[in-house]
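Trainee: Dumping the structure here so I can ask a few things about it.
The values are calculated or read from the model by the stated rules, or taken from the named source; none is laboratory data. Quick caveat, the model's predicted, so the values are computed rather than measured. Cβ: placed from backbone, ideal geometry, glycine included. Neighbour counts: every protein chain shown. Quick note on the areas: whole protein, heavy atoms, side chains included, nothing else; ligands and nucleic acids left out. Shrake-Rupley method; radii C 1.70, N 1.55, O 1.52, S 1.80 Å.
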Amino acid sequence: MNGRDLSATATAFPEHEVKALLREAGVPVPRGATAASPEEVAGAADGLTPPLVLKAFGPGLVHKSDSGAVRLALGDPAEAAEAAAGMLRELLAQGITPDGFLVEEQAAAGAELIVGVVRDPSFGPVLLTGLGGVWTEALRDTAVRLCPVSEADARRMLASLRGARLLHGYRGRPAVDLDALVRLLLAIGGDGGLWERLELGEFELNPVIATERGVIAVDARYLPAGRASDVTEPAGDRPAVPASGGNGGGRPERPAGGDTGDGPVARTDFTALFEPRAVAVVGASTGRPNFGNMFLEFYRATGVPLVAVHPEADEIDGVPAVPTLADADADYALVAVPAGRCAEVVRQAAGIPFVQVMSGGFGEAGAPDLEADLIGAAREAGTRLLGPNCMGVYSPRGGQTFVGGEPGPPGHVALISQSGGLAGEVVKVGERRGLAFSRVATVGNSADVTPAELLRWLATDEHTSVVGMYLEDPREGRALFESLMSVRGRLPVVLLVGGRSVQGRRAAVSHTGGLVGDDRVWRALAEQAGVTLVTGQDDLIGVLTFFQAHAGRLTAPAGGAARALVSETRPATGAAGGAGSAVLVIGPSGGAGVLAADAFDAAGLSLDALPQDARDGLKALGIGVGSSLANPLEIPVGPRGRPELVREAIAAIVARRPYPDVVAHVNVQSFFTYGTSAEPLYACARNLARAQEDLPGVRVTLVTRNGECAPPGVEDEVRAIAAGAGIPVYRSMEAAAVAVAAAKRFTRGA
Ligand code: ADP
Ligand code: MG
């Protein structure tokens, strides 16, 4: 197959041709030769070292063993020739006429793996590996990553297999050559790997045999697009591989100038979207108040210069009006007219860089033609389109809003959301919990401006230090992946993906008209991009809060990332080791400490033991008399304890062992059951604040357990004291653990 254009043919390649391609790509395959007939087999086998394997190839021979087209352990060329004659008779009897025979050397037994590449309908090429060889389908023990995979990705894939122990030497068997296995995965799915040349279809090596001396692909199957015969994965795990790839899936084309995500930087500067000189509102009514009128009111609260568009009125609700959008001098136009009239309005937007179409009734409602018209209109006008079917933009710094009331304080947290309603909740609830936003964009159907493009721009925005995303529709999966990889390690991203369950998927399909992607691929994407995939709105806000509070404390400790990686190549033990992943938990109550240990374990974090000198330091403070000195560390924090103790204990420990994260917890209930005033609790919070100020290299986090037992206002005051020192506050250990893990994941990639 040397030099042959892989995309030129739509038929399955014979095994030996795929193996030639593999050899060329640096993947070890058995030495072998082909023969057109049984008579030629002995000659072809000459020079091969027995034992030999004989296989037939040709149409109808996809699963060769099922048709009796594989014979193993043949002692010499004559035996191979005899086997070929018998095999031919049997195949002919089944109505199969082979094109020829492959005779090859038999590899030594070892651990059998599957390695394959499939094309996900939205995320594109995905590398899959798993244990089992012929047993793969029964074991269902596989790992996936989006191509291209890095070496660290490849190692993590192998470490994540449930049966990873089998690769590390099991019951007297030697460990397999993991480095060779990693090289094979990279040759297939890494940068510049074979996946770049494949026109998928299906590509599958099953089995790859791994021993202590190396790896070898003894079977290879490649069916280009249009000829996919069956699915690599056990049925039910993922949707069937489509006959042809492509992210579009019948969507209308985007306007020219729209960044589809493949450039290194966004081509559009979105500053004016978030900080428009003036805003035009199309669709407000003089008689019957509607969405347009509501937005006029919202905007009046932000003070942004406003103009209404109305065919007859001179003003609406006190806002001056012009007859058409062409007469409006603005950077942003909000269009809230019925779907059928939107394109006509957008066509008049020349000179206005951004138009938002609020109306629904387009692609999501089964009207792709209306959406295509809208995109065409935006292209004609030379404007960028937000939506349709979206709420708009929120940016306290720029007078942009889609929620009622006074805008919150300008801050550094950005949000991109496919749901306008949910974005409104995250804004309002998040601000209540102390978040301050830089830019919030709802994108609806993302007919033009996509989450992927906005993300790239946000990475260049001086006002943004962390991004939350709520997505339901992964049709742009590949572009999103590329955007996430391009901002990896520079900009923390927190992802909430709606519709990862079958039920949620059904709900999402009716919501944005999207197809929701495979949960496994989302998890792989998060792992690869170093982003955190949260499971609900609370965690989305909670993790954003952590990144906002600790924005200046997100560098990886020296050696931490490297050590964590080494530990991940060993059999998975639940929690990753290494200095970068360690957490110190400190607070009252042994039981709460035990539960904290479980919560951090579930988040994949290790609570490394206190070193002896740290324990000595604690004893000098009078801690540890009658209780054990462990991590989680139990210390008396309560209405009658010394409030300085927690600060002194933290200082004594981190002076001897640099825990990058310290999670202090208090039982709020105890302050009001055994005490009567909030003052001791505030004193405790102030001491933690001082600990944070004294230790800029440590991230201090506070958990206020049982906070509902405090009188109204007390939790707010505690949060305010903590926020003053950049300490995030959580009501549960689980929420804190998710947030701490998110920061670890980010710094690992930084
Ligand atoms: P199938 O089309 O049925 O998957 P394979 O080529 O994978 O056919 O062969 C079936 C089995 O025979 C493999 O799973 C493997 O265990 C064994 N086998 C095939 N070729 C070789 C070889 N060259 N060396 C060692 N074992 C082999
Ligand atoms: Mg096979």
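Trainee: Can you tell me, using C-alpha contacts under 8 Å and at least 6 residues apart, the relative contact order of the chain as a whole percent?
Mentor: 9
Trainee: Next question, about the same structure. Of the heavy-atom accessible surface of the range 40-103 (probe 1.4 angstrom), what whole percent is carbon and sulfur?
Mentor: C and S fraction of accessible area: 53 percent.
Trainee: Can I ask one more? Can you give me the three principal axis dimensions of the range 383-463 from its C-alpha atoms, in Å, biggest first?
Mentor: 32, 26, 19
Trainee: On to the next question. Can you compute the label reach from residue 669? Point 7 Å from Cα along the Cβ direction, backbone N cut-off under 20 Å, restricted to the range 627-641.
Mentor: 634-641
Trainee: With each pseudo-label sitting 7 Å past Cα toward Cβ, what's the residue 137-residue 677 distance in nm, one decimal?
Mentor: Each label point is offset 7 Å from its Cα along the Cβ direction, giving 7.4 nm.
Trainee: Now for a different question. Where a ≥ b ≥ c are the square roots of the eigenvalues of the C-alpha gyration tensor, would you call the range 48-125 rounded, which needs a/c under 1.5, or, failing that, prolate if a/b is larger than b/c, or oblate?
Mentor: oblate
Trainee: So what J values fall out for the range 281-292 if you push phi through Karplus, 6.51 cos²θ - 1.76 cosθ + 1.60 with θ = phi - 60°, rounded to Hz, Gly and Pro as x?
Mentor: Using θ = phi - 60°, the values come out as 10, 10, x, 5, 10, 7, x, 10, x, 9, 3, x Hz.
Trainee: Run the dipole for the range 303-384 about the Cα centre, Lys and Arg Cβ at +1, Asp and Glu Cβ at -1, nothing else charged, and hand back the magnitude in debye, nearest 20.
Mentor: Rounded to the nearest 20 debye, it is 260 debye.
Trainee: Still on this structure: Among 386-392, 640-646, how do they line up from the highest to the lowest mean number of other beta-carbon atoms within 10 Å?
Mentor: The densest-packed peptide leads the list: 386-392, 640-646.
Trainee: Radius of gyration and Dmax for the range 110-152's Cα atoms, expressed in Å?
Mentor: 11.3, 36
Trainee: Given the -39500 (n - 2.57) contribution per DSSP H run of 4+ residues, what per-residue ellipticity at 222 nm results for the chain, rounded to the nearest 500 deg cm²/dmol?
Mentor: -10500 deg cm²/dmol
Trainee: Give the calculated FRET efficiency between residue 151 and residue 490 to the nearest 0.05, with a Förster radius of 22 Å applied to their Cβ-Cβ distance.
Mentor: 0.60
Trainee: Per residue, how large is the accessible surface of the chain? Use a 1.4 angstrom probe and give square angstrom.
Mentor: About 39 Å² of surface per residue is accessible.
Trainee: For residue 429 and residue 594 in the same chain, what is the full-extension length gain: residue separation times 0.36 nm, less their Cα-Cα distance, in nm?
Mentor: Fully extending the segment from residue 429 to residue 594 adds 56.3 nm.
Trainee: Right, something else. In degrees from 0 to 90, rounded to the nearest 10, what is the angle of the helix 645-654 Cα long axis to the longest principal axis of the chain?
Mentor: 40
Trainee: Could you list which residues have their amide H under 5 Å from that of residue 633, counting only those 5 or more apart in sequence or on another chain, with H placed in the peptide plane?
Mentor: Under 5 Å from the amide H of residue 633: 585, 586, 587.
Trainee: If I compute solvent accessible area with a 1.4 Å probe over the protein chains, what percent of it on the range 291-410 is carbon and sulfur?
Mentor: After summing per-atom areas, the C and S share lands at 52 percent.
Trainee: Which one of 92, 284, 496 has its Cα pushed farthest toward the positive end of the charge dipole of the chain, where Lys and Arg give +1 and Asp and Glu give -1 at the Cβ?
Mentor: So the residue furthest toward the plus end is 496.
Trainee: Could you give the dipole magnitude of the range 637-750 about its Cα centre, charging the beta-carbon of Lys and Arg +1 and that of Asp and Glu -1, in debye to the nearest 20?
Mentor: In debye, rounded to 20, the range 637-750 gives about 480.
Trainee: Also, quick follow-up: As I understand it, the value is the acute angle between the Cα axis of helix 178-189 and the longest principal axis of the Cα atoms of the chain; what does it come to in degrees, rounded to 10?
Mentor: Compared with the principal axis, the helix lies near 80 degrees.
Trainee: Further question: With the crude spin-label approximation of a point 7 Å out along Cα→Cβ, what separation in nm comes out for residue 315 versus residue 94?
Mentor: Each label point lies 7 Å from its Cα, and together they span 8.6 nm.
Trainee: Specify whether the C-alpha gyration tensor of the range 100-184 places it in the rounded, prolate or oblate class, a ≥ b ≥ c being the square roots of the eigenvalues: rounded for a/c under 1.5, otherwise prolate if a/b is larger than b/c and oblate if not.
Mentor: oblate
Trainee: Hey, with R₀ at 45 Å, roughly what FRET efficiency would residue 170 and residue 644 work out to, going by the Cβ-Cβ distance, to 0.05?
Mentor: For residue 170 and residue 644, the calculated efficiency is 0.30.
Trainee: Report, in whole Å, the centroid distance computed from the Cα atoms of the range 286-312 and the range 638-655.
Mentor: For the range 286-312 versus the range 638-655, the Cα centre distance is 55 Å.
Trainee: What percent antiparallel are the DSSP beta bridges of the chain, to the nearest 5?
Mentor: 45
Trainee: OK, next. Please determine, in degrees from 0 to 90 and to the nearest 10, the orientation of helix 151-160 with respect to the longest principal axis defined by the Cα atoms of the chain, where the helix direction is its Cα long axis.
Mentor: 80
Trainee: So who's got an amide H within less than 5 Å of the one on residue 608, skipping anything under 5 residues away but keeping other chains? H placed 1.01 Å off N, in plane.
Mentor: Those lying under 5 Å, H to H, from residue 608 are 583.
Trainee: Starting from the 7 Å offset along Cα-to-Cβ, what nm value, one decimal, do you get for the label separation of residue 212 and residue 708?
Mentor: Going by the 7 Å Cα→Cβ label model, 5.9 nm.
Trainee: Between residue 620 and residue 46, what length comes free when the chain is fully extended (0.36 nm per residue of separation minus the Cα-Cα distance, one decimal in nm)?
Mentor: Taking residue 620 through residue 46 to full extension adds about 198.6 nm, to one decimal.
Trainee: If R₀ is 60 angstrom, what is the calculated FRET efficiency for the pair residue 655 and residue 286, using the beta carbon separation as r and rounding to 0.05?
Mentor: 0.30
Trainee: Using amide H atoms built 1.01 Å from N in the peptide plane, name the residues 5+ places from residue 321, or on other chains, whose amide H lies under 5 Å from its own.
Mentor: Hits under the 5 Å cutoff: 308, 315, 316.
Trainee: From the square roots a ≥ b ≥ c of the eigenvalues of the alpha-carbon gyration tensor of the chain, which class results: rounded (a/c under 1.5), prolate (a/b over b/c), or oblate?
Mentor: Oblate, since a/c reaches 1.5 and b/c is not below a/b.
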